[in-house]
Amino acid sequence: MRQEKSEVIIIGAGPSGAVAAGLLRQAGRAVTILEKAEFPRFCIGESLLPQSMAFIEAAGMLQDVVEAGFQFKNGAAFACDAHYAEFDFRDKFTPGWGTTYQVQRGPFDKVLADAAERLGTEIRYRHEVLAVDLTGAKPVLRVRPEAGEEYELTGDFLLDASGYGRVLPRLLDLETPSELPVRQAIFTHIEDGIARNPEATAATFDRNKILISVHPEATDIWYWLIPFSNGRSSLGVVARREQFDNRDDKAQLMARVSEAPNLARLLKYAKWDTPAQRIVGYSANVKTLCGRHFALLGNAGEFLDPVFSSGVTIAFKSADLAVKALLKQGAGEVVDWEAEYAAPLMTGVNAFRAFVNAWYDRRLQDIIFHPNKTAEIERMISAVLAGYAWDEKNPFVAKADRRLASLEAACSLA
């Protein structure tokens, strides 16, 4: 078996892998990405958060993304029966980017991967990692290309950015059950027909915002509608597994949409021209986010829930933290990966987790739809929803559970 060497090896050319590569290349490090698929390929997680833009900019990829023509996004809207609320991410507690994009992930991920290659990253598409050996002085990977013979690749450090593939958690037995209940999502892309719908008024729909709708009776069932720039949208419903039946995915999604009056009206002229898909039990956790010679980025480590579109932002934040630690280590300094990577990353993950839990037990829904929220409270919540879940000056980050509980209690009294 032939032997090859690299400096930093990244598994996966998705958002966290591409941004990590961009950051490393700008610091002069050699990077090899091993990607099992061929890009572009379909993926969900299509509504970015403004915090993501800072990482894209730092990785030297901002112009690539801006010029790609994705749908502008400036906030999030929430609807439940007659209730409607929206947050403008430009008006938030934490300074920084207030706008971003809603993207079809196939083209978006390809834009980032191409930018990483432009910056000097070597990407090997259709190369699958079969085994990893971390017992020696350096990590050694056994790799199988789609065409050709298996080979071994040795590097100084290994970043797993494999997303839902979760390569290292599988190969190193790092997976642990998620604390979140088992839910599933059924989703598709549609020609939404909203532009020719007279009922789609400015008061009920803003194409510059993701729309999160709540089932009018079963409030733990929710829907996403993510408009794209080409008249199409990503549409999905999330519920517990037992809340679905045995009908095919498209039929179930259409039936569930018909049960949400605001969505049914909005999508009256939609063309359901794409097969539906489902993901079951998507929440994931691991025993550790880092170890000798490796770190897990984004969904390869932990994935919470899609309700607040936090996945890509967490992926970018993990790439940024890991690269900073890796560069410090490369400069000869001692790095405590738990203290300098895992713990800071979990600050934001735990803030998002508190919001996810509060969403499903209705505390956050009551807050969002309350008619008399103060401007200060709205700006604090808006900052977290915009991805600024690492700003511990924000009480909804530093003391998220306590703050949400006390605020929900106040809303209930009111």
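Readers should treat all values here as calculations from the given coordinates under stated rules, not as data from a laboratory. Computed from a prediction, not measured in an experiment: that's the story for all the values here. Cβ coordinates were reconstructed from backbone atoms using ideal geometry, including for glycine residues, and neighbour counts include every protein chain displayed.
Only one residue of Gly69, Gln51, Gly155 has its Cα farthest out toward the positive end of the dipole of the chain, where Lys and Arg carry +1 and Asp and Glu -1 on Cβ, and that residue is Gly69. Between Glu152 and Asp173, the simple spin-label model (points 7 angstrom out along Cα→Cβ) gives 2.3 nm. The calculated FRET efficiency for the pair Trp272 and Ala409, based on their C-beta separation and a Förster distance of 51 Å, comes to about 0.75. Applying a threshold of 23 Å to the alpha-carbon distances of Lys317/Lys393; Lys5/Lys328; Lys36/Lys324 flags Lys36/Lys324 as lying beyond it. Just checking my list (i) 173; (ii) 196; (iii) 141 against volume of the Cα convex hull per residue in Å³ computed from this structure; which label fits? Step by step, volume of the Cα convex hull per residue in Å³ for this structure corresponds to label (iii).
Using C-alpha pairs below 8 Å separated by at least 6 residues, the relative contact order for the chain is 21 percent. The loop-placed GluC sites (Glu not before Pro) in segment 273-380, going by DSSP, that have at most 12 neighbouring Cβ atoms within 10 Å of their Cβ come out as Glu333. Placing unit charges on the Cβ atoms only, positive for Lys and Arg and negative for Asp and Glu, gives the chain a dipole magnitude near 280 debye about its Cα centre.
Starting from 0.36 nm per residue, how many nanometres of slack lie between Arg41 and Arg240 once their C-alpha separation is accounted for?
Answer, rounded to one decimal: 68.9 nm.
Sites listed here are chymotrypsin sites (Phe, Trp or Tyr not before Pro) in segment 1-79 whose DSSP assignment is loop and whose Cβ has at most 15 other Cβ atoms within 10 Å: Phe42. Within segment 166-210, list the residues whose amide N lies under 18 Å from a label point set 7 Å along Cα→Cβ of Lys250. Taking a point 7 Å out along Cα→Cβ of Lys250, the residues of segment 166-210 whose backbone N falls under 18 Å are 186-193.
For segment 108-205, GluC sites (Glu not before Pro) meeting the loop criterion (DSSP other than H, G, I, E, B) and having at most 16 other Cβ atoms within 10 Å: Glu146, Glu149, Glu150, Glu179, Glu199.
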